[in-house]
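Presented below is the structure to which this report refers.
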Amino acid sequence: MDGNGRWASQRDLPRTEGHAAGEEALLDVVNGALEIGVKWLTMYAFSTENWRRPPDEVRYLMGFNESLLMRRRDELNEKGVRIRFAGRRDWRVPRRVLKRMDESIELTRENRRMTLTMAFNYGGRAEIVDAVRRLVADHVPAGKVDEGAISRRLYFADMPDPDLVIRTSGEYRISNFLLWEIAYSELVFPDVLWPDMRRSNLYEAVLEYQRRHRRYGGVDT
Ligand code: IPE
Ligand code: MG
């Protein structure tokens with residue numbers, strides 16, 4: 001979800017107004033994804049690098065994510081969405097926010113129509129580091145370390161690798177998102193700032209995905 005700051009700057013608004021405007025985009029995209037039967041949706045909400053932002057913006061984002069959960073979790077729950085969080089629960093995440101996250105996980109635990117994973121204080125490298133730490137903690141011998149052994153120790157062993165990754169705002173970077181999981185994902189970069197993103201943009205990205213030929217390193221038959 002990229003481009004909130006630029007969306008706000010274009011309107012002479014503080015960056016935080018761009019984040020606030022991103023809420024409608026998020027809900028429209030989730031509802032659009034539900035409509036077309038997407039079972040797994042992962043949104044990058046806050047990265048392990050976003051702590052480098054000015055303290056006021058970081059504070060705003062923490063409060064915003066907390067209040068968004070309180071505003072939206074009931075409607076998401078009613079629609080059959082299971083909410084989960086991928087990332088590190090470190091000391092920098094305020095306790096209040098962790099509490100809302102835990103409540104949202106608990107509330108939606110049984111839902112299966114869609115799993116909505118919020119990548120929050122998430123870094124792809126940190127996730128791999130955490131998986132390696134688990135390998136070591138599990139005393140896995142070097143000869144037994146294979147891709148499966150690592151995959152099973154990522155934050156969610158049951159989450160399929162993404163078919164499609166969408167990054168908004170015209171930036172052509174991965175920025176530490178799901179590094180292990182996107183090895184063979186199709187990447188789409190719509191030229192839209194996140195607050196302007198709607199389900200129609202999602203559908204365009206899916207149509208683009210459907211035009212791609214996935215070979216996974218093999219050849220077309
Ligand atoms: C994405 O928008 C929101 C977060 C990373 C939390 P940005 O805040 O990165 O917006 P730009 O890239 O500055 O426009
Ligand atoms: Mg950005």
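The values are calculated or read from the model by the stated rules, or taken from the named source; none is laboratory data. Quick caveat: nothing in here was measured; it's all calculated off a predicted structure. Cβ: placed from backbone, ideal geometry, glycine included. Neighbour counts: every protein chain shown. Side chains are part of the model used for accessible areas, which takes the heavy atoms of the whole protein and leaves out ligands, DNA and RNA. Shrake-Rupley method; radii C 1.70, N 1.55, O 1.52, S 1.80 Å.
Between F85 and M118, the built amide H atoms are under 5 Å apart, and every one of these is 5 or more places off in sequence or on another chain. Helical content alone sets the calculated 222 nm signal of the chain at -14000 deg cm²/dmol, taking -39,500 (n - 2.57) per DSSP H segment of four or more residues and averaging over every residue. Around the amide H of W40, modelled in the peptide plane, lie the amide H atoms of T115, all under 5 Å away and 5 or more residues distant in sequence or on another chain. Rounded to the nearest whole Hz, the Karplus-based 3J(HN,Hα) values (6.51 cos²θ - 1.76 cosθ + 1.60, θ = phi - 60°) of segment 8-20 follow the sequence 5, 4, 4, 10, 6, 10, x, 3, 4, 5, x, 5, 4, with x at glycine and proline. Close amide-amide hydrogen proximity is noted between S47 and N121, Y122, each under 5 Å apart and 5 or more residues distant or on a separate chain (H modeled in the peptide plane; Pro and chain starts excluded).
Summed over all non-identical Cα pairs, the Kirkwood treatment of segment 46-166 gives a radius of 16.0 Å.
Listed by chain and number, the aspartates and glutamates placed with their C-alpha closer than 18 angstrom to that of K99 are E66, D74, D90; residues fewer than eight positions away on the same chain are left out. For segment 1-107, a crude dipole built from +1 on the beta carbon of Lys and Arg and -1 on the beta carbon of Asp and Glu, taken about the Cα centre, is about 480 debye to the nearest 20. For the chain, the relative contact order works out to 27 percent when only alpha carbon pairs closer than 8 Å and six or more residues apart are counted. Surface composition of segment 91-221: carbon and sulfur atoms hold 52% of the protein heavy-atom accessible area at a 1.4 Å probe.
Computed from the C-alpha gyration tensor, the three semi-axes of the ellipsoid equivalent to the chain are 27, 23, 18 Å, from longest to shortest.
Around the Cα centre of the chain, unit charges on the Cβ atoms of Lys, Arg, Asp and Glu (plus for the first two, minus for the last two) sum to a dipole of about 580 debye. Rounded to whole numbers, the Karplus 3J(HN,Hα) couplings from phi for segment 186-202 are 7, 10, 10, 10, x, 8, 9, 6, 3, x, 8, 5, 9, 4, 4, 5, 4 Hz, using 6.51 cos²θ - 1.76 cosθ + 1.60 with θ = phi - 60°, and x at Gly and Pro.
The 3J(HN,Hα) values that the Karplus relation (6.51, -1.76, 1.60; θ = phi - 60°) gives for segment 117-123 are, in residue order, 9, 8, 7, 9, 6, 9, x Hz. Gly and Pro appear as x. Normalised by the number of residues in segment 78-144, the average gap of Cα pairs under 8 Å and 6 or more apart makes the relative contact order 45 percent.
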